Structure formats: C-alpha cells, structure tokens
Amino acid sequence: MFTLTDICNIAIQIERNGEMTYRSASRKISDEQLAQMLAWMADEEARHAQWFRTLNADINLKPSSEHVRIETMGSSLLQEMMKNQTFSLDDTALLAADDILGLLSQSIEFEQDTILFYEMLRSFIDDDDTIDQLNAVIAEEHGHIEQLERLRTIYRSKRKEG
C-alpha cells in the first residue's frame with residue numbers, strides 16, 4: 001500500500017534530484033547565461049521540495065473507488081509505474097550530452113515528467129488550498145520548460161550562425 005505521504009516523498013526526491021543536478025551542472029558549465037539559469041532552476045526545485053515537505057498526512061483525499069484501488073496497488077507497483085520516467089537528472093549525463101542543446105533537451109524532459117507526476121498526484125487531493133498550491137508548482141514547472149525552450153532556441157540560432 002502507498003499513501004499520499006509516500007507519493008509526497010517521491011515528489012521531494014524528484015525535486016531534490018533536480019536541485020542537486022541543476023546546481024552541479026551550473027558549476028561546471030562555462031556558458032555564464034546557462035549557468036545562471038541552471039542555478040535559478042536549482043533554487044526553484046529546492047523551494048518545491050520544501051513545499052512538499054510541508055504537506056500533512058491529513059490532507060483530504062478524494063474518497064473514490066479509484067483512490068481505493070490505487071491504495072491497494074502497493075509501493076512496488078508505484079515504482080513500476082514510474083520506472084520509465086526520467087525523474088532523476090544525472091549531471092554526468094547532462095554534461096556528457098553532445099552539447100548544450102542536449103543538456104537543455106534532457107532538462108526539458110525531466111520537467112515534463114515531473115509535471116505528469118504532479119498532475120497524477122493532484123487527482124488524489126481534495127483540499128482546495130493544497131490543489132491551488134500544487135497548481136502553482138505545476139505552473140512553475142511549465143515556466144521552467146518555457147525558459148529551457150527559450151534557451152534551446154537561442155543556442156540553435158547560435159549553432160546555425162556559427
């Protein structure tokens with residue numbers, strides 16, 4: 001069985017993975033603009049992890065048959081469902097990417113996977129304030145993708161010019 005607490009712990013780990021990887025990559029990247037962006041994203045991920053830590057186990061979950069069914073699945077099934085999602089950026093893989101465009105593409109994929117997970121989490125919450133806060137986190141993750149896509153466009157243009 002798994003609980004909202006289990007799911008939140010996964011969310012915290014996702015955010016910590018992102019924070020550590022973005023922070024590490026920001027220190028190793030020679031491009032100053034990209035390094036600053038990665039450092040900012042690391043701070044954002046740290047803030048999101050802190051928000052998930054504040055969620056209480058007493059959050060009202062929707063009493064639906066879907067919730068009951070998922071409660072009985074077990075944590076091993078949750079892990080099975082999530083195994084194909086990136087959810088963890090590897091700074092070595094990021095830095096080994098063929099170039100900055102590869103790093104940006106991997107980061108975008110991480111952010112997209114994170115959003116999918118949070119949207120799934122949202123379906124189990126029946127507290128309007130918590131849903132609003134989670135929606136804000138999801139919106140910020142979408143903002144991260146937009147930032148990364150803008151940078152990717154800039155670097156694609158630079159590559160064509162060079």
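What follows is calculated from the coordinates using simple rules that are stated; it is not laboratory data. Bear in mind that the values here come from a model prediction, so they are computed numbers and not experimental data. Positions of Cβ are backbone-derived with ideal geometry, glycine not excepted, and every protein chain shown enters the neighbour counts.
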Mean Cβ count within 10 Å, highest first, over the residues of peptides 124-130, 138-144, 29-35, 19-25: 19-25, 138-144, 124-130, 29-35
Cut-off under 5 Å, modelled amide H: who pairs with residue 125 long-range: 62
